[in-house]
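Novice: So that we are looking at the same thing, I have put the structure below in structure tokens.
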Amino acid sequence: MTCIPAAFRGLIATAAGAVLCATAALAQDKVKVGVFPISSSLPFFLARDRGYFKDLDIEPEITILMGGPPNVAAMMTNQIEVSAVLVTLEGLNADVKKPGVAMFVAMHSQNAAYKMEQFVVRSGLAEKVKSLADLKGLKLMSAPGPANLNTAKGILAKVGLKDGDYTIDQLDMGQHVNAMKAGTFDAGYTLEPSATIMRDLGVATTIEAGVIAKYILGSPDADAYAAGCAFTSAFIAKRPDVAARFAQAWTKAIDYIRANPADARKYLTKNTLTPDNLVDTVPMLGYIMTKDMSDKQLGYLQAFADFGHDIGVVPEKIDVKQNLKSF
């Protein structure tokens with residue numbers, strides 16, 4: 001038996017420990033994630049910051065992508081494997097062009113209770129504009145992307161406003177608050193947390209929120225699944241175990257949000273444009289894994305997809321179940 005001098009035993013132990021640490025570091029599977037820094041991305045921020053990804057040996061590599069089109073482009077070219085929040089109609093449009101490129105594993109409900117999309121009007125016009133129909137003749141801004149723009153137009157059509165009754169231009173979400181502050185636009189179709197920030201600053205007020213549920217799905221309480229978390233089919237096929245673990249972390253984040261909504265909101269600070277003093281008032285969404293969706297909820301998703309076809313964003317009528325993946 002070889003006798004190891006005591007002087008070398010510590011060095012050997014240290015070297016062994018270093019090897020173990022290096023092995024542990026290598027075990028972290030990197031996943032390329034596109035992140036749209038709005039409140040809809042809360043499950044991602046929470047899973048990352050609370051260590052859920054790390055606990056499952058996943059290291060997200062983040063690319064900030066402002067809106068649906070950049071996320072879609074990155075998925076189609078394999079620059080990202082996951083879109084932490086992808087506009088549903090943009091994803092379905094991409095799936096028609098490249099089948100299976102965006103497979104939704106989780107959806108985010110928006111309605112009168114789970115506020116996200118809403119029409120706002122700058123404060124100087126608040127007395128004049130009391131309803132969506134009052135937007136006639138005004139200059140409007142919209143959240144970016146064909147889905148947001150055409151959804152806004154579709155909702156305005158429901159209240160009797162057609163093209164030419166107003167002007168509307170897409171604007172990057174990071175500019176919405178300042179645009180209202182500067183008076184560049186009279187009103188607009190915006191997202192959270194921008195709407196909450198506008199109200200706090202006194203530069204704009206909300207005319208109506210939850211407009212997709214009310215005007216498109218027919219009830220203010222309907223689940224408007226206008227965005228969700230999507231994986232590329234290539235990611236699922238090539239690294240199924242990693243994809244399953246990523247989804248597991250996302251599920252854990254949703255469970256935490258449901259059980260601890262007040263604390264969960266805190267993960268919006270520093271991850272979105274939400275100021276610390278407003279984090280407790282930013283609306284939450286109805287987060288759900290696609291595997292847990294009821295037939296009624298799937299019906300709402302199908303109805304929204306059909307609307308997307310009607311307004312020309314989704315080029316073909318599709319069965320949304322083909323674009324969902326359960327983990």
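Novice: Taking amide hydrogens as modeled 1.01 Å from N in the peptide plane, which residues meet the under 5 Å criterion relative to I288, leaving out close sequence neighbours?
Specialist: Here M107, S109 satisfy the definition.
Novice: Continuing with this model, one more query. Where both residues lie in the chain, what percent of DSSP beta bridges are antiparallel, nearest 5?
Specialist: Working: 24 of 41 bridges.
If we restrict to bridges inside the chain, about 60 percent are antiparallel.
Novice: Using a ≥ b ≥ c from the Cα gyration tensor of segment 118-209 (square roots of the eigenvalues), is it rounded, prolate or oblate, where a/c under 1.5 gives rounded and otherwise the larger of a/b and b/c decides, a/b for prolate?
Specialist: Values: a/c = 1.67, a/b = 1.23, b/c = 1.36.
The shape class here is oblate.
Novice: Among DSSP beta bridges lying fully in segment 118-209, give the percent that are antiparallel, nearest 5.
Specialist: Working: 9 of 16 bridges.
Looking only at bridges with both residues in segment 118-209, the antiparallel portion is about 55 percent.
Novice: Additional query: When the Debye formula is applied to the Cα atoms of the chain, each taken as the same point scatterer, what base-10 log of I(q)/I(0) results at q = 0.09 Å⁻¹?
Specialist: -0.48
Novice: Here is a further query. What are the ³J(HN,Hα) values, in whole Hz, obtained from phi via the Karplus relation 6.51 cos²θ - 1.76 cosθ + 1.60 with θ = phi - 60°, for each residue of segment 33-48 in sequence order, with x given for Gly and Pro?
Specialist: After applying 6.51 cos²θ - 1.76 cosθ + 1.60, I find 10, x, 10, 9, x, 10, 5, 5, 8, 3, x, 5, 4, 5, 4, 6 Hz.
Novice: Given G160, M141, L201, which one lies farthest toward the positive end of the charge dipole of segment 118-209, if we put +1 on the Cβ of every Lys and Arg and -1 on the Cβ of every Asp and Glu?
Specialist: Farthest towards the positive pole: G160.
Novice: Next question. Could you run the Debye sum over the Cα atoms of segment 159-309, one equal point scatterer each and no solvent, and tell me log10 of I(q)/I(0) at q = 0.15 Å⁻¹, two decimals?
Specialist: Scattering profile of segment 159-309, log10 relative to I(0): -1.07.
Novice: Around D29, which amide H atoms from residues at least 5 apart in sequence, or from another chain, sit under 5 Å from its own amide H, with H modelled in the peptide plane?
Specialist: Long-range HN contacts for D29: I58, E59.
Novice: In whole Hz and in residue order, list the ³J(HN,Hα) couplings for segment 175-192 that follow from phi through the Karplus curve 6.51 cos²θ - 1.76 cosθ + 1.60, θ = phi - 60°; x for Gly and Pro.
Specialist: Along segment 175-192, the couplings run 9, 4, 5, 5, 5, 5, 4, 7, x, 5, 10, 7, 7, x, 9, 10, 10, 7 Hz.
Novice: I would also like to ask the following. Please list 3J(HN,Hα) in residue order for segment 230-237, calculated via the Karplus relation 6.51 cos²θ - 1.76 cosθ + 1.60 where θ = phi - 60°; whole Hz, with x for glycine and proline.
Specialist: Whole-Hz 3J(HN,Hα) from phi for segment 230-237: 10, 10, 7, 4, 5, 4, 5, 6.
Novice: Okay, next question. For Y225, which sequence-distant residues (separation of 5 or more, or a different chain) have an amide H within less than 5 Å of its own amide H, given hydrogens modelled in the peptide plane?
Specialist: The list, which skips near neighbours in sequence, is Q110.
Novice: I've got another one for you. Where Lys and Arg each count +1 and Asp and Glu each count -1, what net charge lies around D280 among other residues with Cβ under 11 Å from its Cβ?
Specialist: Value of the local net charge: 0.
Novice: Near S142, within a Cβ-to-Cβ distance under 9 Å, what is the net charge of the other residues, with Lys and Arg +1 and Asp and Glu -1? Mind dumping the intermediate values first?
Specialist: Working: positive: K153; negative: D169.
Result for the neighbourhood of S142: 0.
Novice: Calculate, for K162 and K321, the FRET efficiency according to 1/(1 + (r/R0)^6) with r their C-beta to C-beta distance and R0 30 Å; round to the nearest 0.05.
Specialist: Numbers: r = 34 Å, r/R0 = 1.12.
The value I calculate is 0.35.
Novice: Continuing with this model, one more query. For segment 165-214, with only Lys/Arg (+1) and Asp/Glu (-1) charged at the beta-carbon, what is the dipole magnitude about the Cα centre, in debye rounded to 20? Intermediate values should be presented prior to the final figure.
Specialist: Numbers: 3 positive and 7 negative charges, 29 e Å.
It works out to roughly 140 debye.
Novice: For segment 214-263, what class follows from the C-alpha gyration tensor (a ≥ b ≥ c being the square roots of its eigenvalues): rounded when a/c is under 1.5, otherwise prolate if a/b is larger than b/c, else oblate? Can you show the working numbers first?
Specialist: Values: a/c = 4.78, a/b = 1.47, b/c = 3.25.
Oblate shape, in that a/c is at least 1.5 and b/c is the bigger or equal ratio.
Novice: Treating the beta-carbon of each Lys and Arg as +1 and of each Asp and Glu as -1, no other charges, what is the dipole magnitude of segment 118-209 about its Cα centre, to the nearest 20 debye?
Specialist: Details: 10 positive and 10 negative charges, 36 e Å.
Computed charge dipole of segment 118-209: roughly 180 debye.
Novice: Something else: Where does the chain land at 222 nm, in deg cm²/dmol rounded to the nearest 500, when only DSSP H runs of n ≥ 4 count, each adding -39500 (n - 2.57), divided by all residues? Display every interim value, and only then the final one.
Specialist: On the way: 12 runs with 126 residues, N = 327.
Value at 222 nm, helices only, nearest 500: -11500 deg cm²/dmol.
Novice: Which net charge results when you count Lys and Arg as +1 and Asp and Glu as -1 among the other residues whose beta-carbon is under 13 Å from that of L201?
Specialist: +2
Novice: Another question about this same structure. Pull out the extension gain between T184 and R239, defined as 0.36 nm times the separation in residues minus the alpha carbon to alpha carbon distance; nm, one decimal. List each step's numbers first, then the result.
Specialist: Numbers: separation 55, 0.36 × 55 = 19.80 nm, distance 4.69 nm.
Value of the extension gain: 15.1 nm.
Novice: Let me ask something else about it. Can you grab the distance from the C-alpha centre of segment 296-313 to the C-alpha centre of segment 231-256, Å, no decimals?
Specialist: 25
Bear in mind that the values in this text are calculations on the coordinates, not laboratory data. Please read these numbers as outputs of a predicted model, since none were measured by experiment. A quick note on method: Cβ atoms are made from the backbone with ideal geometry, for glycine too, and the neighbour counts reach across all protein chains shown.
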